[in-house]
Amino acid sequence: MTSPASLFGAPAADVTLARVRQIIDQNLPESLTLEYKEAYSPGLVTTVAAMANSYGGIILVGVTDQQQPNRLQGVPDTAVVQIVNACHDRLEPPWEPEIIPVQLAAGGSTYVLVVRIDPARAPRPLLIDGAAPIRLQGRNAKADRGRLAQLFSEPSAPTRPGGRLVTAPEMPTGPDGSPSADFIVRSGVVLPVGEAVTWRPLSERGVASLAATLNVSPLSAVLQGWCGSLGITGLNPFRRSGFNRARHARLTWQAVTDREPPHPVEAIAVADLPTPYGTYASSLSFTLDVIVRARSFVASAGTAASSGAWRLTVPDLYSTLDALAATLTFREVVVALADLAGIDPVIVPQPGNLFVQTGPEVAELLYLQGLVQTDGAGQSHGAHVIVNPGPDLSDPVERGEQIDGWLLQIALDAGLTGMENLLVAYHQENSRRMNRRPA
């Protein structure tokens, strides 16, 4: 299912009529980041400036905002020239957004114009007649003196959907400095913040709400599955733990055992306003890590069954990546993050990147049945993968296609072939399992 955020981030070649229709068929109301225009009008330029001065967004020109059977009205291609000329003439400084014409019918003369306003590329503030429009919920307004001063003084380009990436995690190490984890997976989002959040501490209630939603998220279920597979019954759910400050909240989920390591399965969520207290924050960074130490835990059992080195299976890695991506687009988590950032949930972006780091080499950690190692391929300890901004990661099918690509990259970077066939077999088995379930 196409969302406004995925339409915003998709390559221009992937902005098709089918995807535009999916947006329209959802009957989404006009919002901070979405507006419909049946035809060109001078007010369209004001919306361009307002979105550029706020969080960015999309204007669909040639689509009526009235709820009726056929909302696709279309406009002539000359509307592109009208928009470009008006933006150049009325905006100060002159600036034009990206405009993607989508033909309504092959050989036809009418189009839907997908106007994408990226605040990271706009020379903010954009003025019209000496005033700076800003975007409110489904309408435009003028910036007050405080907001105008903030626009003029902002130190860097604002966050746009998928426009900022989370940083790499640090592999946990033991006393001798060697890696103490089998693998760590990290993803996350970087959010713009509302005006009030630029100066205040993170809300205590907001952090508590985030912990509560993470405890009912897809990730929580998969973490409990990891515990079950290792025979672990004790756990501590997401809660504040470790380094916490006014603008830095750290939440942990931990499997609890009486053996070493005491936390063979662990997840760490961090919400951070990355500025010193007393200065204005421009974004909120949220990272979510999953750390697994199964190999040393299994070895500590000291039984014949544990004499061989534990191996990570492709299905286990797949389910972990899937749960991480699903949680970062889980509605309740999105709402909790939006509340912490003081913004509308519609602005919360999808994750832009993902890290998989391994302690042992990937080829030594993965269960290799079905995979073939290339001679002389060299060492690999994971991969940094960029998320395709087009797919909607809240949709299981589209998310699955994205994860297939991540696993293929991880395998190929490690000199392993055969991952494509393994994934086909994995999906076929899942499909058969679903069909065998009683109605």
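The values are calculated or read from the model by the stated rules, or taken from the named source; none is laboratory data. This structure is a prediction, so every number in the text was calculated from the model and none was measured. Glycine gets a Cβ as well: all are built from the backbone with ideal geometry, and neighbour counts include every protein chain shown. These accessible areas exclude ligands, DNA and RNA; they are computed on the full protein's heavy atoms, side chains included. Shrake-Rupley method; radii C 1.70, N 1.55, O 1.52, S 1.80 Å.
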- How large is the helix-only mean residue ellipticity at 222 nm for the chain, computed as the sum of -39500 (n - 2.57) over DSSP H runs with n ≥ 4, divided by its residue count, in deg cm²/dmol to the nearest 500? -10000 deg cm²/dmol
- Mind listing the long-range amide H neighbours of G382? Cut-off is under 5 Å, sequence gap 5 or more, other chains count too, H placed in the peptide plane at 1.01 Å from N. T358, V362
- Task: Using label points projected 7 Å from each Cα along Cα→Cβ, tell me how many nm separate T16 and A141, to one decimal.
- Result: 4.0 nm
- Item | Vicinal HN-Hα couplings computed from phi for the range 190-196 (Karplus, 6.51 cos²θ - 1.76 cosθ + 1.60; Hz; Gly/Pro x) | 10, 10, x, 10, x, 4, 5
- How much area per residue is accessible in the range 374-439 when the probe is 1.4 Å and only protein heavy atoms are counted (Å²)? 58 Å²
- Added length on full extension, which subtracts the Cα-Cα distance from 0.36 nm per residue, R205 to H88: 37.5 nm
- Query: To the nearest 20 debye, what charge dipole does the chain have about its Cα centre, counting +1 at the Cβ of each Lys and Arg and -1 at the Cβ of each Asp and Glu?
  - Reply: 920 debye
- Item | Whole-number accessible area per residue in Å² for the range 1-90, which is evaluated in the context of all protein chains at 1.4 Å | 40 Å²
- What FRET efficiency do you get for A301 and A120 if R0 is 51 Å and r is their Cβ-Cβ distance, rounded to the nearest 0.05? 0.50
- Label-point separation, A149 to Y367 (7 Å along Cα→Cβ), nm: 6.2 nm
- A39 paired with D176, simple spin-label distance in nm, labels 7 Å along Cα-to-beta-carbon: 7.8 nm
- Item | the range 201-294 - percent of accessible surface contributed by carbon and sulfur, probe 1.4 Å | 56 percent
- Taking the alpha-carbon centroid of each part, what is the distance from the range 111-131 to the range 389-430 in angstrom? 37 Å
- Item | Calculated on alpha-carbon atoms, Rg and Dmax of the chain in Å | 24.3, 79
- Item | Ordering of 114-126, 68-80 by burial proxy (mean other Cβ atoms within 10 Å per residue, highest first) | 114-126, 68-80
- Given the protein chains as shown and a 1.4 Å probe, how many square angstrom of W253 are accessible, to the nearest 10? 0 Å²
- Note on the structure: Dipole check, the range 258-404, charges on Cβ (K,R +1; D,E -1), about Cα centroid: among L321, L340, A363 the Cα furthest to the positive pole belongs to A363
- Query: Counting pairs of alpha carbon atoms under 8 Å apart in space and at least six apart in sequence, what relative contact order in percent does the range 97-219 give?
  - Reply: 15 percent
- Item | Theoretical FRET efficiency, 1/(1+(r/R0)^6), r = Cβ-Cβ of E195 and F243, R0 22 Å, to 0.05 | 0.20
- Query: Ordered by residue, what ³J(HN,Hα) values in Hz, to whole numbers, does the range 35-40 give under the Karplus form 6.51 cos²θ - 1.76 cosθ + 1.60, where θ = phi - 60° and Gly and Pro are x?
  - Reply: 8, 10, 9, 5, 8, 5
- Message: Tell me the per residue accessible area of the range 173-213 using a 1.4 Å probe; a whole number in Å² is fine.
- Response: 43 Å²
